[in-house]
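Peer 1: Quick one: structure below, then a few questions.
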Amino acid sequence: KNQVEQSPQSLIILEGKNCTLQCNYTVSPFSNLRWYKQDTGRGPVSLTIMTFSENTKSNGRYTATLDADTKQSSLHITASQLSDSASYICVVGFNTGGFKTIFGAGTRLFVKA
Amino acid sequence: DVKVTQSSRYLVKRTGEKVFLECVQDMDHENMFWYRQDPGLGLRLIYFSYDVKMKEKGDIPEGYSVSREKKERFSLILESASTNQTSMYLCASSLRGHRGDEQFFGPGTRLTVL
């Protein structure tokens, strides 16, 4: 069964600290993986996208990694800011008689001052 | 900047009512999507459209229908609302096909069915 699982479900960190969010998937055949950020009361916004051949992608203080062999991805946030408080959603695309995407349930990050 | 707008941020309806959720995008995108988002679950695709008057069922189309009469507008219709349709509804659009292109999302409509 194609699934995307994210961990932890929620996380609280102090401003300035780093954190890493995890995404494990069982989707096949894999096409790409995106990380989205969803602020409270808003729609998700794309942070990074990686295809099979890419194992890292950065967007400012956000760095995503992909291990296609173990089917794991992580999103590392460096020097967190209060504005990083949001949900982070992992989305995996795959091709099976047409392209489809599966959204993870997200990790809710709270950054405290 | 791409802008996707949804007609209402909050909506309260009664069981059995017909509900219309409207979505408009201003970037001439080919593709538009309707999702619902529930706590503990990822976004689930209800319907998508890759052209005017064209539509495809997503993963959970039961109880919903859609309409795309103009390229910029995609409507989600609940013919007879039920309490299990209480949810956050998100509309999105993307430039090309349903192939992993970045989707741009609206702010969402939180629908409560009493």
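The values are calculated or read from the model by the stated rules, or taken from the named source; none is laboratory data. Values in this document were obtained by computation on a predicted structure and should not be read as measured data. For neighbour counting, all protein chains shown are included, and Cβ atoms are generated from backbone atoms with ideal geometry for every residue, glycine included.
Peer 1: If the requirement is being within 12 Å of another protein chain (Cβ to nearest Cβ) and either part of a strand (DSSP E or B) or surrounded by fewer than 17 Cβ atoms within 10 Å (Cβ to Cβ) (or both), which of these qualifies: A:Ser46, A:Ser73, A:Ser53, A:Ser83?
Peer 2: Matching residue, one of A:Ser46, A:Ser73, A:Ser53, A:Ser83: A:Ser46.
Peer 1: Among the residues that make up segment B:29-38, is at least one of them surrounded by fewer than 16 Cβ atoms within 10 Å (Cβ to Cβ), within 23 Å of A:Gly93 (Cα to Cα) and among the hydrophobic types (A, V, I, L, M, F, W, C)?
Peer 2: no
Peer 1: For segment B:93-114, what are the residues that are surrounded by 15 or more Cβ atoms within 10 Å (Cβ to Cβ), in contact with a Ser or Thr (Cβ under 7 Å, 6 or more places away or on another chain), at pLDDT 95 or above and more than 7 Å from chain A (Cβ to nearest Cβ)?
Peer 2: Within segment B:93-114, B:Thr109, B:Leu111, B:Val113 meet the criteria.
Peer 1: For the list (1) in a loop (DSSP other than H, G, I, E, B); (2) within 24 Å of B:Arg36 (Cα to Cα); (3) small (Gly, Ala, Ser); (4) in contact (Cβ under 8 Å) with a residue 12 or more places away in the chain, I need the number of the one condition that A:Gly16 fails.
Peer 2: (2)
Peer 1: Name the residues in segment B:45-59 that are under 21 Å from B:Ser7 (Cβ atoms) and within 14 Å of chain A (Cβ to nearest Cβ), would you?
Peer 2: Listed by number, the residues that qualify are B:Leu45, B:Ile46, B:Tyr47, B:Phe48, B:Gly58.
Peer 1: Let me ask another. Name the strands (runs of 3 or more DSSP E) wholly within segment B:8-114 that hold at least 1 residues that are β-branched (Val, Ile, Thr)? Please lay out each step first, then the result.
Peer 2: Working: elements: B:10-13, B:19-25, B:31-37, B:44-51, B:54-57, B:65-70, B:73-78, B:87-94, B:109-113.
Where strands (runs of 3 or more DSSP E) fall fully within segment B:8-114 and carry at least 1 residues being β-branched (Val, Ile, Thr), they are B:10-13, B:19-25, B:44-51, B:65-70, B:73-78, B:109-113.
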